[in-house]
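The structure appears below as structure tokens.
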Amino acid sequence: IVSDLHLGSAHFRRENFVRFLDGLPPGASLVLNGDTIDEPGDPLQADHEAVINRLVAESRQRPVIWVHGNHDESFALDDPGRVQFARSWAVADVLLVLHGDQLDGVMPKHGLFKAVFKKFHRLRVRLGFPDVHVANYAKRWDFLYRVLNEHVARRAIDAARSEGFLAVTCGHTHAPMEWEHDGHRYLNTGAWTEEPNHYVSVTEGGSKVELREFPNGSV
């Protein structure tokens, strides 16, 4: 399970993700947990379009599930192959998969602040500051970012509990983390626009659920 590829973004770590795909065990399912696309209305450059084609090809060899996030909810593939689309997903009745935007009660309430923050970040880049993903820049405000992370984590645990799952995984916040509360686990897979990259591994039958790091093309 991976999340937040943001295909189309200049910050998508394409080569690392292709290596991740190359290393998938035969027959393993692949779950894309939201924001696979950065901006649905924008054309993709050729190497990012090739990743889409690779995902469709993978769907003919293994189960590929595309959980919609807030960025790609309106995106549609011309040829979806056997890709399954969903708003949420369950793995082996033990893990609930949600992108996390539906749990976010913080950012939607501060749309104006978010828009101004993004414009400020773009201005900084034009002035010569490092061109990093806007979420990576936002992490400098640790207290504010922690409020968002903990808010989504608490609501994800509540969602898992109400639906009868012991664990839940999300993306959305671009902040890889693992948290346990009252016997329920929350795992966030971060993003593939910043380093290091993470994924959730679930063994067949769901006996083992792990958040793993995928640095520089090696497990």
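The values are calculated or read from the model by the stated rules, or taken from the named source; none is laboratory data. As the structure is a prediction and not an experimental result, all values here were calculated from the model. Note that we place each Cβ from the backbone using ideal geometry, even for glycine, and neighbour counts take in every protein chain shown. The accessibility values were calculated without ligands, DNA or RNA, using every heavy atom of the protein model including side chains. Shrake-Rupley method; radii C 1.70, N 1.55, O 1.52, S 1.80 Å.
Assorted remarks:
- Beta carbons closer than 6 Å, at least 6 apart along the sequence or on distinct chains, pair a first residue in the range 84-98 that is within 16 Å of TYR186 (Cβ to Cβ) with a second that is aromatic (Phe, Trp, Tyr) and not in a strand (DSSP E or B) for LEU96/PHE165.
- Failed criterion for ILE157 (all others in (1) open to solvent by 10 Å² or more (accessible area, probe 1.4 Å); (2) touching a strand residue (DSSP E or B) at 6+ places or on another chain (Cβ under 6 Å); (3) over 22 Å from PHE20 (Cα atoms) hold): (1)
- Exclusive hit being buried (at least 18 other Cβ atoms within 10 Å of the Cβ), under 22 Å from MET177 (Cα atoms) and touching a strand residue (DSSP E or B) at 6+ places or on another chain (Cβ under 9 Å), set GLY8, GLY69: GLY69
- Qualifying position, being polar (S, T, N, Q) and either open to solvent by less than 10 Å² (accessible area, probe 1.4 Å) or in contact with a Phe, Trp or Tyr (Cβ under 8 Å, 6 or more places away or on another chain) (or both), among THR203, THR173: THR173
- The lone exception for ASP35 - which of (1) of a type outside the set (Ser, Thr, Tyr); (2) modelled with pLDDT under 95; (3) open to solvent by less than 30 Å² (accessible area, probe 1.4 Å) it fails: (2)
- The set of residues in the range 176-192 being open to solvent by less than 10 Å² (accessible area, probe 1.4 Å) and over 23 Å from SER162 (Cβ atoms) consists of GLY190, ALA191, TRP192.
- Qualifying residue in the range 11-30 (condition: of a type in the set (Phe, Trp, Tyr) and open to solvent by 20 Å² or more (accessible area, probe 1.4 Å)): no
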